[in-house]
Structures are given as structure tokens and as C-alpha cells.
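Below is one structure, written out as C-alpha cells; comments come after it.
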Amino acid sequence: MMKRFKRRVEFFRCGMAAAVILCGVVFFAEGLCAESFPQNSATQEETAVLEAAKKYFDAEMAGNHPAVYASFAPSSTYCASHDYKAFLAEASASPVRITEYKIVRVAHIRNNEDQMNLPQVEKLATVEVDVVVFYQDTKEKAQINIGFTFIKERGKWYKG
């Protein structure tokens with residue numbers, strides 16, 4: 001009986017030693033892989049979307065109309081129907097101003113699956129943002145949580 005107990009203890013110790021060694025090998029290999037390969041492309045893509053969103057919202061808050069218009073996707077339906085002069089007239093007439101924003105998250109990034117209708121678009125992303133808008137005509141503020149579309153064209157992200 002005691003021999004069987006000692007064998008079980010010895011078997012348990014060997015099993016534990018093997019598990020510890022295996023974990024060490026896995027963590028070591030994982031560390032090598034992380035250093036050998038570039039950052040995950042989804043993470044790089046998300047960072048690029050966040051930078052484009054921040055650039056757009058900062059320009060909106062500053063009232064920097066040239067920068068806002070430059071943030072729009074060149075192939076967007078808005079740019080197709082509004083040149084800078086038309087955009088400026090529309091933006092100047094609007095009583096709505098963004099006074100604060102907080103990017104909550106990039107909800108998702110997806111490949112363009114409608115190449116027929118959107119031939120210049122590589123990818124689309126939805127960015128969830130908490131926005132505080134000020135209505136100059138009524139002097140009221142409202143906080144809104146909304147998803148904004150961003151579009152990737154020729155390797156660059158734009159407001160959709």
C-alpha cells in the first residue's frame with residue numbers, strides 16, 4: 001500500500017514538473033513570437049481609425065472648416081454633392097456645434113463587400129462617440145452617443 005502511494009506521489013511530481021516545463025516553453029515561445037512579428041494588423045488598423053476620428057472631432061470643435069472638409073472621404077456622397085464652398089455655407093449656417101467628445105470605442109472594422117457601388121473604399125469602420133452638442137439658436141446642450149462611419153481609401157482613413 002505504501003509503495004503504491006509513493007508511486008502516485010512520484011507520478012504526481014513528474015506530471016507537475018512536466019507541466020511547469022511545458023508552461024515555461026509556451027511562455028518563452030509566445031514571447032519570441034511577439035517580438036518576431038509586427039503588431040497585430042487589427043490593432044494597427046484600429047489605431048489609424050482612432051487617429052482619423054480624433055483629427056476630425058478636434059477640427060469640428062475648433063471650427064477649423066478646412067480641416068473638417070479635408071477629413072471627409074473623397075469618394076463620399078457628401079463630397080460628390082458638396083464642394084468646399086457649399087460645405088462652408090452649410091457649416092456656417094448650422095446652429096449645431098460640437099463642444100465636447102469622447103471616443104468610446106471602434107465598434108468594428110470590416111472589409112468593403114460592396115466593390116460595385118463603392119469601388120474606391122477598402123474598409124469601413126464604425127466609431128462609437130459620446131458627443132456634447134450645443135444648439136446656438138436655443139442655447140441648449142445635449143449629450144448624444146452615436147456611431148460615426150469612417151472609410152479607408154488608398155490606405156488612409158477618412159470620415160464617411
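The values are calculated or read from the model by the stated rules, or taken from the named source; none is laboratory data. These numbers were taken from a predicted model, which means no experiment stands behind them. Ideal geometry is used to build each Cβ from the backbone, glycine not excepted, and the neighbour counts take in all protein chains shown.
Determine whether the stretch 74-89 contains at least one residue that is touching a residue at least 60 places away in the same chain (Cβ under 8 Å), in the same structural domain as Ile151 (by TED's automatic domain parsing) and under 19 Å from the mean Cα position of the chain (by Cα).
The answer is no; no qualifying residue exists.
Under 7 Å between Cβ atoms, at least 6 apart or on separate chains: pull out the pairs that start in the stretch 145-160 with a residue that is closer than 19 Å to Glu100 by Cα and free of Cβ contacts under 8 Å to residues at least 40 places away in the same chain and end on any residue that is of a type outside the set (Asp, Glu) and assigned to a strand (DSSP E or B).
Note: pairs meeting the criteria are Ile146/Val129; Ile146/Val131; Thr149/Leu124; Thr149/Thr126.
Take the residues in the stretch 62-77 that are part of a loop (DSSP other than H, G, I, E, B) and not polar (S, T, N, Q); name whichever of them is farthest from Phe148 (Cα to Cα).
Applying the filter and picking the extreme gives Gly63.
Could you tell me which numbered condition Glu51 fails, if it satisfies all but one of (1) under 13 Å from Lys159 (Cβ atoms); (2) touching a residue at least 12 places away in the same chain (Cβ under 8 Å); (3) surrounded by 13 or more Cβ atoms within 10 Å (Cβ to Cβ)?
(3)
Restricting to strands (runs of 3 or more DSSP E) lying wholly in the stretch 78-160: which have 2 or more residues that are among the basic types (Lys, Arg) and surrounded by fewer than 16 Cβ atoms within 10 Å (Cβ to Cβ)?
Per the criteria, 96-111.
At pLDDT 95 or above and closer than 17 Å to Tyr158 by Cβ: is that true of Asn64 in this structure?
yes
Residue check, Glu46 against (1) at pLDDT below 95; (2) within 20 Å of the chain's Cα centre (by Cα), all met but one. Which one?
The failed condition is (1).
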